[in-house]
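Heads up: the structure comes next, in C-alpha cells.
The values are calculated or read from the model by the stated rules, or taken from the named source; none is laboratory data. For clarity, every value in this text was computed on a predicted model and none was experimentally measured. We place every Cβ from the backbone using ideal geometry, glycine too, and count neighbours over all the protein chains shown.
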Amino acid sequence: MTVNDNAVMDIATIGRNIKKLRRDKKLTLKQLSTLSGVSIATISKIENNRISGGFETIYKIARGLGVLVTKIMDAEQAVTKSVVVNKGNPKAIHPTRNYDYFPLAHRRNGALNPYEMIIKTHKLPDERDWSIHDGEEVIIVLSGSIELHLEGHRPCRLSPGDSACFDCGIRHAFVSVSEDDARIISLSSLGPATRVNGKLVFS
C-alpha cells in the first residue's frame, strides 16, 4: 500500500512523456502547438526538460494530444501497486481557467483516473478549451448544477446526485449553471485510441 501524492510534477517525466506521446501520434511540434494552443517554444522547452510548464500548460498539451493529464505526469511503472491511498492533501490542487482538479487516489498504469472537480466557469468555454481524451468518463454531481456539453449533442443539465457516462473521444465541456460553482466527481477510464482527421478513434 502506498500514499499517492499527485501534486508532484517531475520535469524529466513530463518532458519524456510528452515527446513520446507526440511522436507516437506522429505529430510535429507545430501540429501539437496548433492542437493545444501552447507555443512551439514552450513545448520544446518542456520536452527538453528545461521547464515543467505548470499544470494548465500540461493540461492544454494533454488535450491537444487527446490523452488524460495523468498520462503525461505519471512515471511509467512495470508493476502497479495493489492499493494506493490518497490522504486528501489540500495542496494537491491542479487549477485551470475553467476547472479546479483535486486528484483522488489512482494506480499508476492502472485503468482509472479519478478527480474531484470544481466547475468554475459559468459560460461555455471556447471550443479549443473543450476536453477530448481516451476512454469513457462517469461524472457525479456533488453540489450545484451543471450542463454537460458534448459535441454534436444537446446539452444535458445535471443536479446533485445525478450522473452521466459518455465517450471521452467526443469533445466535451462542463458549465456551472447554479449560483455557486458546482462540484463533481469525474472518473475516467484509460483506453487505447488513435487520432484520425483530428478526432479520436477507439480500437
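Would you pick out the residues in segment 39-59 that are surrounded by fewer than 22 Cβ atoms within 10 Å (Cβ to Cβ) and either closer than 24 Å to Ala173 by Cα or in the same structural domain as Ser186 (by TED's automatic domain parsing) (or both)?
Ser39, Gly54, Phe55, Glu56, Thr57
Among the residues of segment 115-130, is there at least one that is within 23 Å of Lys81 (Cβ to Cβ) and either touching a Gly at 6+ places or on another chain (Cβ under 9 Å) or buried (at least 19 other Cβ atoms within 10 Å of the Cβ) (or both)? It would help to see each step written out before you state the result.
Of segment 115-130, the ones within 23 Å of Lys81 (Cβ to Cβ) are 115-116.
In the following step, the residues that additionally are either touching a Gly at 6+ places or on another chain (Cβ under 9 Å) or buried (at least 19 other Cβ atoms within 10 Å of the Cβ) (or both) were identified as 115.
Checking segment 115-130: at least one residue is within 23 Å of Lys81 (Cβ to Cβ) and either touching a Gly at 6+ places or on another chain (Cβ under 9 Å) or buried (at least 19 other Cβ atoms within 10 Å of the Cβ) (or both).
So Gly66 fits all but one of (1) at pLDDT below 85; (2) not assigned by TED's automatic domain parsing to the domain that holds Gly161; what number is the exception?
(1)
Would you be able to tell me the number of residues in segment 124-140 that are touching a residue at least 12 places away in the same chain (Cβ under 8 Å) and either out of contact with any Lys or Arg (no Cβ under 9 Å at 6 or more places or on another chain) or farther than 21 Å from Arg97 by Cβ (or both)? Full working, then the answer.
Let us first name the residues in segment 124-140 that are touching a residue at least 12 places away in the same chain (Cβ under 8 Å), namely 124-125, 127-140.
With the extra rule that they be either out of contact with any Lys or Arg (no Cβ under 9 Å at 6 or more places or on another chain) or farther than 21 Å from Arg97 by Cβ (or both), the set shrinks to 124, 134-140.
So the count comes out to 8.
Provide a single number: the residues in segment 142-182 that are in a strand (DSSP E or B) and not hydroxyl-bearing (Ser, Thr, Tyr).
Within segment 142-182, the first condition is being in a strand (DSSP E or B), and the residues that meet it are 142-143, 146-150, 156-158, 163-167, 172-176, 182.
Next cut, not hydroxyl-bearing (Ser, Thr, Tyr) only: 142, 146-150, 156-158, 164-167, 172-175, 182.
Number satisfying all stated conditions: 18.
Looking only at segment 23-61, which residues are assigned to a helix (DSSP H, G or I) and of a type in the set (Gly, Ala, Ser)?
Listed by number, the residues that qualify are Ser33, Ser36, Ala41, Ser44.
Does at least one position in segment 69-87 carry a residue that is under 18 Å from Ala173 (Cα atoms) and modelled with pLDDT under 90?
Residues of segment 69-87 under 18 Å from Ala173 (Cα atoms): 69.
Filter once more, keeping what is modelled with pLDDT under 90: 69.
Scanning segment 69-87 turns up at least one residue that is under 18 Å from Ala173 (Cα atoms) and modelled with pLDDT under 90.
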